[in-house]
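Asks: My questions all concern the structure below.
The values are calculated or read from the model by the stated rules, or taken from the named source; none is laboratory data. Model, not experiment: these values are computed from the prediction. For neighbour counting, all protein chains shown are included, and Cβ atoms are generated from backbone atoms with ideal geometry for every residue, glycine included.
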Amino acid sequence: MKSRVRAGSRGGFLLMGAIVVGPSVHGQEKPDLVSFPSAVELITVDAVVIDKDGRPVPGLGKDDFTVREDGRPQTIATFEPFDLRADPSPAAGRTSPSPVATNVRPLAAAVASATFVLLVDDMSLAPARQETVRATLARFLTDGVRDGDELILATTSGDTWWSARMPEGREDLLALAARVRGRSLSGNGREDIGEWEAYRITHFEGKGDGGGAAQETAEVNPIPQPGQPPVWIPGAEATQRVVARYYERRVCIPDPVPPRNSPMTPVPMCRAMVHARAQAVDLRRANRTRDVLAAVDRAVFALSGVRGRKALLLLTEGFLNDADLPGGLAVAGRCREANLAVYSLDVRGLITGLPGAESMGAPNFTELGLMQSEQVEFEAAGSVELAEDTGGFAVRDTNDVPGGAARVGEESRVYYLLGYSPPPGKGPRDWRNLKVEVKRPGLRVRARKGYTLRTVAEIAAAEAQLVSKGRPRPAKGTEASAAEAPPLPADVARALVSAHDADAIPLRAMAYVFESRPGGTLRTVIAVEAATSTLANLGGEAQPRTVLSLSVVATHRDTGQVRRFDQRIEVDAQATRAWEGWLVVSREFELPPGVAQARVVVRDEFLGRLGALTLRFVVPPATGLRLSTPILASRPRSAREGAPPPLLARRDFVPSGLLYCQFQVLGAADPGGTGPQVEASFELRRTSGEVVRRGPPSRVEPSPDARLVRLLGLPLDGLTEGEYELLLQVRDVTTGETREERQGFRLSRSAS
């Protein structure tokens with residue numbers, strides 16, 4: 001969608017300029033530190049050093065490390081230690097989110113932080129194990145994170161993708177963790193086949209001479225009796241094992257039933273049933289593995305360029321190491337390039353028995369032992385290898401999965417960034433073995449095992465493929481489906497799914513909730529302000545002009561519904577007031593009641609600069625007496641009497657003149673059809689509770705369009721700088737019902 005915005009436009013955006021009284025704050029641009037073009041000058045590898053008890057070791061220096069590539073020592077050019085274990089000061093974080101989100105943070109408020117992705121493989125998760133996952137997530141979110149940490153909580157099914165910053169985001173993440181549910185379709189019925197068995201049958205035993213042909217030409221195939229071990233056919237062990245199990249479970253019933261221990265000609269129908277079932281199970285397995293790899297890839301895409309070590313906790317029941325499945329090696333490679341360590345947490349716990357064994361009747365202990373071994377080893381080999389390849393570790397065969405997650409959080413706070421120049425002699429696609437060691441005895445290093453150098457063109461091609469994976473999945477009824485949404489630049493697509501703010505363009509954002517709409521939704525407007533001092537002026541002083549793109553993804557926390565909007569905005573000379581400080585735009589959505597999150601990305605189309613932030617807000621229930629979000633502004637939108645103030649994404653004003661406040665009363669009773677009877681009053685208070693302005697209750701008269709709207713003009717002259725609270729009170733005279741709305745704001749002579 002393309003839009004040319006002019007002053008006074010009545011389109012989807014509102015445009016105005018907010019006068020800058022003091023100097024504006026500019027964010028520092030953060031370069032992408034981890035990329036691998038063919039002419040790369042420095043390879044950065046992060047290393048975790050642990051002692052014999054598995055605890056991370058701080059306090060090491062550059063001379064304590066050695067780096068070898070393909071067995072040859074390399075000179076460590078850069079070295080940076082990180083120890084993020086210390087608690088930040090109490091002033092570093094706030095426990096409740098502010099209604100105004102910004103990507104500009106004072107340097108004094110910056111704290112050392114870690115980045116985590118909590119990825120739940122809910123498509124493999126059995127419903128009986130979802131409580132283990134919920135408990136693991138809850139413990140990690142309570143004990144494993146610190147103020148300033150950035151997190152993404154996601155599921156492989158795609159119904160959850162939520163980013164947050166601690167401590168403000170803890171409540172939402174805990175709520176999402178509590179509703180994780182197992183979606184596994186695998187059962188424990190009589191026809192059940194293990195994934196490893198299905199993989200062997202489908203990929204090896206159903207092909208060529210080693211599988212079906214061997215069975216078809218066999219002269220005898222003894223059918224084991226309950227409690228007896230199966231009889232194997234060479235080259236078709238898994239097939240014959242399942243055939244024997246089907247006979248034991250009476251899935252396949254020979255006709256006529258032979259005498260005990262008598263040989264008989266094999267029944268092709270039973271083998272056909274086994275192969276058909278194996279193909280269905282293996283297809284489900286392959287699709288689930290693709291979903292896991294795609295979700296990991298999306299996390300890598302979201303965090304590429306974020307500095308430091310990133311940890312991805314994959315809570316899964318494991319997946320096979322399938323060499324025939326494309327993309328697995330590429331995903332591991334991208335994890336290594338992005339310095340993202342994967343930690344595989346097997347939520348099956350300590351496996352002491354085989355699910356579904358009771359349906360076998362008298363168990364065949366030889367077969368159960370084989371299947372249990374396969375379940376522990378083969379069916380988790382892919383997730384284990386992904387973890388070890390990327391510098392993480394695997395937690396498996398233990399009932400203390402939450403403890404394993406806590407270990408991940410602990411070691412992710414003490415690490416070292418080592419940089420060196422890659423030696424010549426290999427092409428960009430050649431694998432380079434990497435080994436980082438520490439000279440002190442008794443210590444081990446966890447780091448990625450190698451890398452490849454990719455050309456700039458290869459990186460661009462890979463990112464183009466990942467743009468679609470990074471795009472949120474809209475729910476039914478959303479404004480734009482993934483297929484309808486226009487293609488996005490890779491940096492915009494990445495910023496939309498990231499938890500990390502981008503501050504090359506300073507931004508502010510705030511949500512306003514108004515009247516209800518059909519279908520139980522409410523009209524919600526997200527106002528965004530961008531600092532014009534960082535935007536390219538393409539028309540000069542005489543005719544200032546700039547071109548921006550705005551992308552907003554609004555996600556409802558408890559349903560996973562997604563609304564997305566993308567627009568190209570041309571700001572021309574008729575909007576000259578915008579060049580005085582802040583360009584204000586807004587976008588309207590229809591959202592259901594509940595907690596929501598908007599990811600806002602603004603891009604300068606000429607300079608390529610990017611601003612991104614996350615806005616968290618609450619859409620109230622559309623029932624009973626309530627107030628719309630009050631609109632505060634230092635001047636009305638126009639000189640026309642009664643015109644509402646503009647929608648601003650800020651709550652700081654200069655202590656002079658008037659502060660305008662407009663709100664609408666909704667849901668008032670009208671039993672007689674003569675119109676609602678509503679009174680409203682206000683108090684302006686300091687944070688100490690002192691009342692500095694007061695308005696007594698008075699009747700709210702309906703506007704010409706029958707809305708109950710009140711516009712206040714509060715004098716600010718004589719008030720000191722500081723924090724204030726505006727308390728709005730309304731009463732339905734007919735029912736006696738009352739409602740209050742509190743709006744905090746700040747008075748400062750340097751407000752912009």
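Asks: Can you go through G391, G369, G403 and tell me which one is assigned by TED's automatic domain parsing to the domain that holds D122, part of a helix (DSSP H, G or I) and either modelled with pLDDT under 90 or farther than 23 Å from T142 by Cβ (or both)?
Replies: Values: G391 fails: part of a helix (DSSP H, G or I); G403 fails: either modelled with pLDDT under 90 or farther than 23 Å from T142 by Cβ (or both).
Matching residue, one of G391, G369, G403: G369.
Asks: What are the residues in the stretch 652-702 that are closer than 17 Å to T629 by Cα and either loosely packed, with under 15 Cβ neighbours inside 10 Å or of a type outside the set (A, V, I, L, M) (or both), if any?
Replies: So the first thing to find is which residues in the stretch 652-702 are closer than 17 Å to T629 by Cα, and the list is 652, 659-668, 680-684, 700.
Answer for the stretch 652-702, where residues must be closer than 17 Å to T629 by Cα and either loosely packed, with under 15 Cβ neighbours inside 10 Å or of a type outside the set (A, V, I, L, M) (or both): D652, Y660, C661, Q662, F663, Q664, G667, S681, F682, E683.
Asks: Quick one: is V730 of a type in the set (V, I, T), modelled with pLDDT under 95 and either in contact with a strand residue (DSSP E or B) (Cβ under 6 Å, 6 or more places away or on another chain) or farther than 30 Å from G520 by Cβ (or both)? It would help to see each step written out before you state the result.
Replies: Working: of a type in the set (V, I, T): yes; modelled with pLDDT under 95: no; either in contact with a strand residue (DSSP E or B) (Cβ under 6 Å, 6 or more places away or on another chain) or farther than 30 Å from G520 by Cβ (or both): yes.
So V730 fails the test.
Asks: Still on this structure: Condition check: outside any helix (DSSP H, G or I) and closer than 16 Å to P592 by Cβ. Does G539 satisfy that? I'd like the intermediate steps shown before the answer.
Replies: On the way: outside any helix (DSSP H, G or I): yes; closer than 16 Å to P592 by Cβ: no.
No; evaluated as a whole, the condition is false for this residue.
Asks: Taking the stated definitions as given, is S157 in a loop (DSSP other than H, G, I, E, B), closer than 29 Å to A493 by Cα, over 18 Å from the mean Cα position of the chain (by Cα) and modelled with pLDDT under 95?
Replies: No, not satisfied.
Asks: Now, a different point. Looking at the structure I just gave you, is L708 more than 30 Å from W582 (Cα to Cα), touching a residue at least 12 places away in the same chain (Cβ under 8 Å) and buried (at least 16 other Cβ atoms within 10 Å of the Cβ)?
Replies: On the way: more than 30 Å from W582 (Cα to Cα): yes; touching a residue at least 12 places away in the same chain (Cβ under 8 Å): yes; buried (at least 16 other Cβ atoms within 10 Å of the Cβ): yes.
Criteria met by L708.
Asks: Hey, another quick one. When residues of the stretch 660-689 are filtered for being outside any strand (DSSP E or B), hydroxyl-bearing (S, T, Y) and under 24 Å from L719 (Cα atoms), how many remain? Even if it seems obvious, please write down each step before you answer.
Replies: So in the stretch 660-689, the residues outside any strand (DSSP E or B) come out as 667-677, 687-689.
Of the ones still in play, those that are also hydroxyl-bearing (S, T, Y) are 674, 687-688.
After this cut, where a residue has to be under 24 Å from L719 (Cα atoms) as well, the list is 687-688.
Within the stretch 660-689, residues that are outside any strand (DSSP E or B), hydroxyl-bearing (S, T, Y) and under 24 Å from L719 (Cα atoms) number 2.
Asks: Taking M269, is it surrounded by fewer than 17 Cβ atoms within 10 Å (Cβ to Cβ), at pLDDT below 65 and not assigned by TED's automatic domain parsing to the domain that holds R348?
Replies: Values: surrounded by fewer than 17 Cβ atoms within 10 Å (Cβ to Cβ): yes; at pLDDT below 65: no; not assigned by TED's automatic domain parsing to the domain that holds R348: yes.
No.
Asks: Report every pair of residues separated by at least 6 positions or lying on different chains whose Cβ atoms are under 8 Å apart, first residue within the stretch 337-358 and at positive phi and surrounded by 15 or more Cβ atoms within 10 Å (Cβ to Cβ), second part of a loop (DSSP other than H, G, I, E, B) and modelled with pLDDT under 80.
Replies: Once the first residue is at positive phi and surrounded by 15 or more Cβ atoms within 10 Å (Cβ to Cβ) and sits in the stretch 337-358, its partners that are part of a loop (DSSP other than H, G, I, E, B) and modelled with pLDDT under 80 give N339/V34; N339/G308; G356/G187; G356/N188; G356/G189; G356/D192.
Asks: Right, another one. When you check D732 against the structure, is it in the same structural domain as P671 (by TED's automatic domain parsing), more than 19 Å from T629 (Cβ to Cβ), more than 42 Å from the chain's Cα centre (by Cα) and surrounded by 14 or more Cβ atoms within 10 Å (Cβ to Cβ), yes or no? Before the answer, list the steps.
Replies: Numbers: in the same structural domain as P671 (by TED's automatic domain parsing): yes; more than 19 Å from T629 (Cβ to Cβ): yes; more than 42 Å from the chain's Cα centre (by Cα): yes; surrounded by 14 or more Cβ atoms within 10 Å (Cβ to Cβ): yes.
Criteria met by D732.
Asks: Quick one: A509 ticks every box in (1) on the phi > 0 side of the Ramachandran plot; (2) among the small types (G, A, S); (3) crowded, with 19+ Cβ neighbours inside 10 Å except a single one, so which number is it?
Replies: Here A509 meets the rest and fails (1).
Asks: Going by what's in this entry, would G539 be described as outside the structural domain of S163 (by TED's automatic domain parsing) and surrounded by fewer than 20 Cβ atoms within 10 Å (Cβ to Cβ)?
Replies: Values: outside the structural domain of S163 (by TED's automatic domain parsing): yes; surrounded by fewer than 20 Cβ atoms within 10 Å (Cβ to Cβ): yes.
Considered against the rule, which asks whether it is outside the structural domain of S163 (by TED's automatic domain parsing) and surrounded by fewer than 20 Cβ atoms within 10 Å (Cβ to Cβ), G539 comes out as yes.
Asks: Another question, if that's okay. Among the residues of the stretch 581-608, write down those that are touching a strand residue (DSSP E or B) at 6+ places or on another chain (Cβ under 7 Å) and outside any strand (DSSP E or B).
Replies: Answer for the stretch 581-608, where residues must be touching a strand residue (DSSP E or B) at 6+ places or on another chain (Cβ under 7 Å) and outside any strand (DSSP E or B): P592, P593, E605, F606.
Asks: I've got another one for you. Sort through L125, L141 and tell me the only one that's over 28 Å from E248 (Cβ atoms) and in contact with a Ser or Thr (Cβ under 7 Å, 6 or more places away or on another chain). Can you show your working first?
Replies: Details: L141 fails: in contact with a Ser or Thr (Cβ under 7 Å, 6 or more places away or on another chain).
Among L125, L141, only L125 is over 28 Å from E248 (Cβ atoms) and in contact with a Ser or Thr (Cβ under 7 Å, 6 or more places away or on another chain).
Asks: Now for a separate question. Just to be sure, is R85 modelled with pLDDT of 60 or more, under 29 Å from P428 (Cα atoms) and surrounded by fewer than 18 Cβ atoms within 10 Å (Cβ to Cβ)?
Replies: Details: modelled with pLDDT of 60 or more: yes; under 29 Å from P428 (Cα atoms): no; surrounded by fewer than 18 Cβ atoms within 10 Å (Cβ to Cβ): yes.
No.
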